[in-house]
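Novice: Following this message is one structure expressed as structure tokens.
No value in this document is a laboratory result; all are computed from the given coordinates. What you are looking at is a predicted structure, and each value in this text was computed from that prediction instead of being measured. Positions of Cβ are backbone-derived with ideal geometry, glycine not excepted, and every protein chain shown enters the neighbour counts.
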Amino acid sequence: MDKELFKRATTLPKATKAGKPKPTIPSEERALYMQLKAGIYAGRHTDPRLINMSPKFPAFSSYSNFLEDLLHVWAKAKDPRHALCYAKIDVRGVMRNGTYTATKATKGIEDVQLLIHGTLVAVEVKAGKDVQSDAQKERQSALQASGAHYLIAKDGNIIEQLEKLYSNE
């Protein structure tokens, strides 16, 4: 990896507008993200002046958001023709008039779904002290019983697990 790309990846961002510090993302994971992103960027442009331009490391509001985006960037870098399907499942409810209204989505559904060589790979993102709910454990059992893979992403090592699945099938 070139020095400028590593410098951009390992430079910590400033605090957000509200004064809340951005999540701390380990430098190795930041560097991996930037390496994947730079490969995608270079593959999309034919103008030689644009190929060597590196994208900036984006701001993330949480470590979970970073992991979800890392999965997306990996999928795009691995298969730019979009044969490797990626879907982020967002089931957050909304606040209305001061009360929380839950969505009617399936309880326990995973955060990210990937289709690798025709096999479903469900990824649940758990950052910090977050743990699986009972509904998520039931969903995991059901998916694994049907032949799908179920992974829990706690850090950037999820990419190594995905690489093994991608190369084995």
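Novice: Taking every DSSP beta bridge that has both residues in region 82-169, what percent is antiparallel when rounded to the nearest 5?
Specialist: Among the beta bridges of region 82-169, antiparallel pairing accounts for roughly 70 percent.
Novice: In angstroms, what radius of gyration and Dmax does region 92-169 have, counting Cα atoms only?
Specialist: 14.6, 50
Novice: Take every Cα pair under 8 Å in region 82-169 that's 6+ residues apart, average their separations, divide by the length, and report that relative contact order as a whole percent.
Specialist: Relative contact order, region 82-169: 25 percent.
Novice: Run the simple label-point estimate for Lys126 and Thr103 please: 7 Å along Cα→C-beta, distance reported in nm.
Specialist: 2.1 nm
Novice: Okay, moving on. Ala145 versus Asp69, label points 7 Å from Cα toward the beta carbon: distance in nm?
Specialist: A separation of 3.8 nm, rounded to one decimal place.
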